[in-house]
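What follows is a set of notes on a single structure, which appears directly below.
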């Protein structure tokens with residue numbers, strides 16, 4: 001369904017800060033996959049998502065979605081079929097606009113340049129229904145500015161905005177990474193529910209090994225721009241945190257106490 | 001004399017308020033510091049005055065001024081989004097080139113309109129015939145009130161459309177609105193066009209109101225617009241689009257009033273006007289901080 005073919009990407013090419021992130025990365029995502037992606041800092045996880053979303057152009061290689069070459073499609077055009085949630089709760093919503101105004105932008109994703117009313121009684125009804133589904137009390141706060149919401153509420157709102165108009169693929173970039181543990185659980189549960197109910201093909205980057213193993217049907221481990229582990233089904237179900245950590249140490253060739261601490 | 005001064009300030013505040021609404025669109029909605037203003041304001045005056053003296057109807061002339069302003073905004077927008085020139089520099093480039101263009105349009109630095117038909121002479125005749133009892137000295141006030149009110153209302157309604165929401169999100173969080181499928185280059189350009197169209201419209205009306213167009217009349221327009229937006233912000237805050245646009249017009253009136261107050265007390269002479277404006281902006285910008293500072297020192301902040 002989504003195919004990355006021989007992707008290469010170098011940041012700051014030709015400067016002392018040259019950073020070759022990908023050199024011939026290939027990945028095939030199947031319809032209905034819920035992929036969790038783990039890896040140390042600098043492995044290229046976020047860059048991978050940014051390349052799929054079209055935020056970062058590639059130096060070489062091709063990207064296909066449903067057989068169509070989208071390598072050179074700009075970000076705003078890809079948005080018609082890609083939903084995204086970022087790590088920073090501030091990034092996914094417009095803070096000085098109200099909850100319903102934000103939802104309205106998501107509701108007409110990819111057809112926002114029109115002179116129709118942004119908000120109508122009918123739309124408000126739909127938004128209310130969506131929000132009452134997630135039981136965070138947001139349905140009572142439609143007319144409030146988003147900046148008055150908590151990080152978790154904003155992340156939940158962003159998730160709804162990303163999936164309201166069903167995307168072909170959902171990209172989650174450590175979307176619970178900035179939340180407190182309790183809120184992270186709520187947002188993760190909501191993620192699983194929406195992905196399952198809507199059957200959305202999803203790629204989720206996470207630093208939480210437990211989530212990576214528990215959630216989804218396929219797990220990727222990345223290191224230095226390469227996919228060093230790609231397991232699914234039973235193999236994934238049998239995976240444990242200890243074995244993942246061991247695998248980490250194997251590919252890194254040495255023990256990174258820092259990584260261990262962060263991942264444990 | 002006081003009554004007359006008040007009347008004049010309100011009139012000027014309303015007509016320059018249309019310009020300030022234009023500044024509000026770029027500055028507050030798009031978060032784009034657009035300096036085209038100092039060029040597009042006299043552009044509107046130049047286009048309208050030139051067309052009027054060449055025999056066109058003042059209404060056609062005013063409509064042409066609006067289009068010319070939108071075109072100026074388009075150029076700044078293309079320089080910024082297409083040629084990737086910074087916001088400030090794009091505006092400065094357009095503003096500077098407009099100085100030459102305005103001279104070309106007018107053919108000379110100043111066009112008097114004293115004995116020419118303007119939208120006001122047409123209006124005065126209309127009122128004289130239809131409403132003979134109407135006191136003609138208030139005709140500007142009433143016209144400007146209706147005019148500024150109508151434009152404010154249209155702007156508020158526009159900002160509630162899907163496109164208007166996209167414009168607001170472009171200024172608020174461009175990353176987010178791009179991920180919702182909006183080309184922020186397009187929304188920026190649309191905003192700049194609407195903004196400069198309003199500014200040129202204001203210039204066209206001012207020229208007909210004061211009876212001349214002058215190539216130098218744009219100097220400091222951006223600061224006056226800025227002052228109005230900031231004063232409006234301090235007065236009414238940012239509760240909703242309706243209150244903040246109302247605030248901009250009120251700010252414009254208050255700004256004109258304070259300027260004429262200073263002038264009437266002979267605290268300054270007319271040539272000190274730009275300096276005064278800058279001082280008003282500095283004061284308006286620092287008062288909120290001063291207020292916060294005072295509050296902070298009397299009531300300790302919650303975080304301790």
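Readers should treat all values here as calculations from the given coordinates under stated rules, not as data from a laboratory. Just so it is clear, the structure is predicted and the values come from calculations on it, not from any experiment. Quick reminder, even Gly has a Cβ in these numbers, built from the backbone with ideal geometry, and neighbours come from all protein chains shown.
Below are the figures for this structure:
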{"quantity": "On Cα atoms only, tilt of A:241-252 relative to the major axis of chain A in degrees", "calculated": "60 degrees"}
{"quantity": "For segment A:157-209, projected area of the alpha-carbon convex hull averaged over all directions, nm²", "calculated": "3.5 nm²"}
{"quantity": "Ascending count of other beta-carbon atoms within 10 Å, so fewest first, for A:232, A:141", "calculated": "A:232, A:141"}
{"quantity": "Sorted by Cβ density within 10 Å, fewest first, the residues B:193, A:111", "calculated": "A:111, B:193"}
{"quantity": "Per-residue Cβ neighbour rank within 10 angstrom, fewest leading, A:247, A:196, B:188", "calculated": "A:196, A:247, B:188"}
{"quantity": "Hull shadow area, averaged, the protein assembly as shown [alpha-carbon convex hull, nm²]", "calculated": "33.1 nm²"}
{"quantity": "For the protein assembly as shown, calculated [θ]222 nm from helices alone, where every DSSP H run of n ≥ 4 adds -39500 (n - 2.57)", "calculated": "-18500 deg cm²/dmol"}
{"quantity": "Per residue, the convex hull volume that the Cα atoms of segment A:1-114 enclose (Å³)", "calculated": "152 Å³"}
{"quantity": "Computed over segment B:2-218: relative contact order in percent, which uses C-alpha pairs under 8 Å that are six or more apart", "calculated": "46 percent"}
{"quantity": "Span per principal axis, largest first, for the Cα atoms of segment A:115-211 (Å)", "calculated": "44, 30, 23"}
{"quantity": "Segment B:78-206: Cα Rg divided by the 2.2 N^0.38 Å rule of thumb", "calculated": "1.43"}
{"quantity": "Nearest 10 degrees, 0 to 90: helix A:151-163 Cα axis against chain A principal axis", "calculated": "90 degrees"}
{"quantity": "Ellipsoid equivalent to segment B:2-218 - semi-axes via the Cα gyration tensor, in Å", "calculated": "32, 21, 13"}
{"quantity": "Estimated Rh, segment A:2-263: Kirkwood, alpha-carbon pairs, angstrom", "calculated": "19.4 Å"}
